[in-house]
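Here is the structure we will look at.
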Amino acid sequence: DFINNMTHEFKTPIATISLASDSILSPSILENKDKVTRFINIIKQENKRMLSQVEKVLQMAQIEKENVELKFNAVNLHETIEDAVINAELKIQAKGGTIQTSLMSQNPIIEADQIHISSIINNLLDNAEKYTPERPEIVITTRDVKGGIEFDVSDNGIGMTKDALKLIFEKFYRVHTGNVHDVKGFGLGLSYVKAMVDAHHGKIFVKSEPGKGSIFTIYLP
């Protein structure tokens, strides 16, 4: 099951690369240098993300052994969010959806590991898109709180039951979707997110109801 799920997890970046490649080959796009550059950058980013999927599996093994070494530097959370939004936009727009930001924090600089913070955001955006079968409406907000910063990733997806909420951070657990949407993935995303938030001495909260979407809130000091 794990190998089967892991194989499907690579289909997301491959599909995005395929979409971007087809777009570049469109005659109207080929003549527009800015658009070609945009799609090439998306291909590069998604290729990096496939590498990070491999890293994620290896990292989960390291987390279990408590061998993770984070490289803390000054990280601009707003810039990191904006980069993640650019990568996610293509898939969301392909489903007729939108992604919006409301970056209200006055002090978005945190001491953190850039790669892992970026992966946390990418994972949450992936989930929001995956679990919203039609026309995703995803909103990312940031705000200053005592001792740090909080950001929300909210969606209008299928939501979760209280029973599912208790299990979502377990390794290999995936929310049962019935026949609504064939969600692929190897169920490491949220267990990885939780482990990395903990490693940054942060906290993660989730609000969700079936049919009413989900809001993931992350606090980082």
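The values are calculated or read from the model by the stated rules, or taken from the named source; none is laboratory data. Source: prediction; values computed, not measured. Just the protein is used for accessible areas: all its heavy atoms, side chains included, with ligands, DNA and RNA removed. Shrake-Rupley method; radii C 1.70, N 1.55, O 1.52, S 1.80 Å.
A few remarks follow.
- Working note: Karplus 6.51/-1.76/1.60 with θ = phi - 60° gives the range 39-50 the couplings 5, 5, 5, 4, 4, 4, 5, 5, 5, 4, 5, 5 Hz, where Gly and Pro are set to x.
- Estimated vicinal HN-Hα couplings, Hz - the range 137-150 in sequence order (Karplus 6.51, -1.76, 1.60; Gly, Pro = x): 10, 10, 10, 10, 10, 10, 7, 7, 10, 4, x, x, 9, 10
- Of the solvent-accessible surface of the range 15-153, computed with a 1.4 Å probe and all protein chains present, 51% belongs to carbon and sulfur.
- Solvent-accessible area of Glu79 with every protein chain in place, 1.4 Å probe, in Å² to the nearest 10: 110
- Derived scalar couplings between HN and Hα for the range 73-85 equal 9, 6, 10, 8, 4, 5, 5, 5, 5, 5, 5, 5, 5 Hz in order, rounded to whole Hz, by the Karplus curve 6.51 cos²θ - 1.76 cosθ + 1.60 (θ = phi - 60°), x for Gly and Pro.
- Cross-link table Lys71/Lys95; Lys33/Lys71; Lys146/Lys166; Lys44/Lys162; Lys35/Lys146, entries beyond 30 Å C-alpha to C-alpha: Lys71/Lys95; Lys33/Lys71; Lys44/Lys162; Lys35/Lys146
- Placing Phe205, Phe169 in order of accessible area, with the largest value first and a 1.4 Å probe, yields Phe205, Phe169.
- Exposure check, 1.4 Å probe, all protein chains in place: Lys95 carries approximately 50 Å² of accessible surface.
- Accessible area per residue for the range 28-160 is 53 Å², calculated with a 1.4 Å probe on protein heavy atoms, without ligands, DNA or RNA.
- For the range 12-58 versus the range 206-221, the spacing of their alpha-carbon centroids is 29 Å.
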